[in-house]
Amino acid sequence: MTRVCVVGAGAVGGYVGAHIARAGVDTILVDPWPEHVEAMRRHGLMVSGMSGMNGAGSVQTPVRALHVSDLQQLVREQPVDIAFIAVKSYDTPWATQLILPYLAPTGCLVSLQNSINEPAIAAIAGWNRTLGCSVSALAAELVAPGRIVRNSPLGDAKKPGMRIGEAHGLATPRAQAIAGLLAHGDSCKLTTNLWGERWSKLTINAMRNGPCALTGMTGRQRDTDERCRRLSIRLGSSAVRIGRALGLELEPVGGLDLDLLSRADDDPGALEAITAQIMAVALSRSDAQRPSMGQDILKGRRTETGDINGLVARRGAEVGIDASLHARVNDAILRIERGEIAPSPDLLAAVLG
């Protein structure tokens, strides 16, 4: 019987873990937030969809939850076959080190994160044990201990909720098996283009997370505010061009045509078309939907800006494409994290220049 461990039972990790556990798979959820772990132990994990507990993606199920400090007890148990790493990007190394001793000899680790963290996992566990999963259409928030809310519709065959793949691009039996596990919670595509999928999702994260963290806006507020939407489009446009300069084959993601997005800076027709697509996505999501970096700012926590807008800025410098807008967004969010400035729409003027 397959044994699964989710390291980081927050919004995405908790959502996936709850659905896999509900399907009868032997699943362990590990998290550093004590209140969250205790709530899961006492009441299980409750996931509600966009229209409450009757909404798509809803589930309430008992789960086995462990504090980070309790993981050592697994030494007396059967090893883990699949470990999903679902912590913040900057926590990837310690999370990988934490679970690695309890992994079966043929076990593997799957990055279920924002950014591109597979190299960090592989540096510790080896490339032969490392897969990646791009979370394409799933938006969720951990709103209270033991409670997760999904803020986006379920994916489908045209727009999969998740996309799992091997680093080498082959369609392997283990990747297919993991896709089946993930499909308990949302549609999941087996991809042979993990790096293109990863950069495509990074593009969406950079254009959505950064502006919300900067301004304090929700996702819908960001997309309906003309100045903030313009920032978002400019960030996305440069990210697409950088990804292509890196030699990546980008994939459709987030309900957006990335070719249109790449031309939106200079082509009025492309700008109009991509604006319509952005608005269609905005209206399909909950009013309360707030991307992860926006959630982090609201809760006074460190964000993943260095691994999202900061990463795009660094790769842009490497290939000679102007990514200074990403750098300015990254710098402003770091100042917000340090408490030097507060998130506000007023910051848009300085960032846009």
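Readers should treat all values here as calculations from the given coordinates under stated rules, not as data from a laboratory. Quantities reported herein were computed from a predicted structural model and do not represent experimental measurements. With ideal geometry, Cβ positions are generated from the backbone for all residues, glycine too; neighbour counts draw on all protein chains shown.
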Practice problem: Would you mind working out the magnitude of the charge dipole of the stretch 3-192 relative to its Cα centre, with +1 at each Lys and Arg C-beta and -1 at each Asp and Glu C-beta, to the nearest 20 Debye? | Solution: 320
Practice problem: Determine, for each peptide in 262-275, 12-25, the mean count of other beta carbons within 10 angstrom over its residues, then list the peptides with the highest first. | Solution: 12-25, 262-275
Quiz item: Which of the trypsin sites (Lys or Arg not before Pro) across the stretch 117-179 are loop residues per DSSP, with 13 or fewer other Cβ within 10 Å?
Solution: Lys158
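With charges only on Cβ, +1 for K and R and -1 for D and E, what is the dipole size of the chain about its Cα centre, in debye, rounded to 20?
420
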Quiz item: For the stretch 197-352, what ratio Rg/Rh do Cα atoms give with a Kirkwood hydrodynamic radius?
Solution: 0.94
Quiz item: At what distance in nm do the modelled label points of Asp287 and Asp26 sit from each other, each positioned 7 Å from its Cα along Cα→Cβ?
Solution: 4.7
Quiz item: Put +1 on the Cβ of every Lys and Arg and -1 on every Asp and Glu Cβ in the chain; which of Thr303, Ser51, Ala342 then has its Cα farthest towards the positive end of the dipole?
Solution: Ser51
Practice problem: Could you tell me the convex hull volume per residue, in Å³, taken over the Cα atoms of the chain? | Solution: 123
Self-check item: Those residues of the stretch 305-330 whose amide nitrogen sits under 18 Å from the label point placed on Trp33, 7 Å along Cα→Cβ
Solution: 305
Exercise. Please identify which residues in the stretch 293-311 have an amide N closer than 17 Å to a label point set 7 Å out from the Cα of Ser344, following the Cα→Cβ vector.
Key: 298
Practice problem: Would you work out which of Trp33, Ser284, Ala171 lies farthest towards the positive end of the dipole of the chain, given +1 charges on the beta-carbon of Lys and Arg and -1 on that of Asp and Glu, about the Cα centre? | Solution: Trp33
Practice problem: May I ask for the angle, rounded to the nearest 10°, between helix 309-319 and the longest principal axis of the chain, with both axes built from Cα atoms and the value confined to 0 to 90°? | Solution: 70
Self-check item: Estimated FRET transfer efficiency when R0 is 22 angstrom, pair Met1-Thr172 (beta carbons, to 0.05)
Solution: 0.65
Quiz prompt | Efficiency of FRET from Cβ geometry, Arg314 and Asp70, R₀ 51 Å, rounded to 0.05 | solution = 0.85
Quiz item: Cα atoms only, the stretch 3-192: Rg and Dmax in Å?
Solution: 15.2, 44
Quiz item: Got a sec? Charge dipole of the stretch 3-192, +1 on Cβ for Lys and Arg, -1 for Asp and Glu; which of Val63, Gly180, Ile148 is way out at the positive end?
Solution: Gly180
Quiz item: Calculated FRET efficiency, Ser324 and Asp259, Cβ-Cβ r, R0 30 Å, to nearest 0.05?
Solution: 0.85
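Taking only Cα atoms of the stretch 238-320, what ratio of Rg to Rh do you get with Rh as the Kirkwood inverse-distance radius?
Over the Cα atoms of the stretch 238-320, Rg/Rh equals 1.02.
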Quiz item: Antiparallel DSSP bridges in the chain: what percent, to the nearest 5?
Solution: 35
